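What follows is one structure encoded as structure tokens, with my remarks underneath.
Each value in this text was obtained by applying a stated rule to the coordinates, not by laboratory testing. Given the structure is predicted, the values throughout are model-derived calculations rather than measurements. Here Cβ is always computed from backbone atoms with ideal geometry, including for glycine, and neighbour counts include all displayed protein chains.
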Amino acid sequence: MRNQVTFLLSLALVVGLASAGAVFERACPTDVEAKQYFSVDAYLGKWYEMQRYESEFELNYDCVQVRYELNDDQSVSVSNSAFNLFNGSTINALGRAVLSFPDEEVIQGKLNVSFFGAPNDRSNYWVLDTDYQTYSVVWSCEELEENLSEESFWVLSRTPTMTTDRDALFRIHNIMRRYIDRSQLRFTRQLDEQYVASGKVWMQVMEALTVFFSSL
Ligand SMILES: *[C@@H]1O[C@H](CO)[C@@H](O)[C@H](O)[C@H]1NC(C)=O
Ligand SMILES: *[C@@H]1O[C@H](CO)[C@@H](O)[C@H](O)[C@H]1NC(C)=O
Ligand SMILES: *[C@@H]1O[C@H](CO)[C@@H](O)[C@H](O)[C@H]1NC(C)=O
């Protein structure tokens, strides 16, 4: 009985939260424009994830934070961290980013990001717009097969809560209207220390529920 209930409970959680990710039955759009005159230096530092297309890699993870720092060789070190509210586990991913096309006359906000030492051979992180101080809107697309592609999308913020600046919000909204399927968006909970504590409380509630159902 207990196992069965735990199983059902887990299933409910998984089904409730998992989405297929942003897979579209089409080729990658070719009309997406990245930010022009992009400055890597101004982009460095810490960002908090506000929204994203759910991805298998991040499934169920919240508190996603990213830190970009300059390496000696002018590449960018990428440190991603995330917290799983359901089992309290933290994940970290270390990566490296380089400008996709550093020799272009007008530098675009296109980067090749790879993790765990993989080659930087894909232009998979396009900054569509950022003011460097408040927000960043990032997108990428990968062809899976003919007429099937997977898109990633992130709204990042310099602060754990989204800006209320009208101009910034207007610009973010514009990008979303042009390129984004809102039905696939997921809001990321950004948890400071206090929230992490409440995450633990939430887990305790789930455990208590499991025990309660098992005892029926
Ligand atoms: C927590 O859940 C994630 C994915 O749902 C899993 O990959 C990870 O191993 C789990 N960690 C623990 C400590 O159970
Ligand atoms: C980034 O990836 C693209 C392929 O998507 C490739 O053409 C380009 O040369 C790469 N840039 C660097 C600096 O490696
Ligand atoms: C992909 O889409 C194009 C345009 O709609 C179509 O002509 C082509 O047959 C499709 N290919 C496949 C494998 O479905």
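A compact table of results
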{"quantity": "Segment 25-210, dipole about Cα centre (Lys/Arg Cβ +1, Asp/Glu Cβ -1), debye to the nearest 20", "calculated": "720 debye"}
{"quantity": "Stretchable slack from R158 to E33, in nm (0.36 nm times residue separation minus alpha-carbon distance)", "calculated": "42.8 nm"}
{"quantity": "Between segment 26-43 and segment 74-149, the alpha-carbon center distance in angstrom", "calculated": "11 Å"}
{"quantity": "Cleavage-rule hits, trypsin sites (Lys or Arg not before Pro), segment 130-194, DSSP coil, Cβ neighbours within 10 Å at most 14", "calculated": "none"}
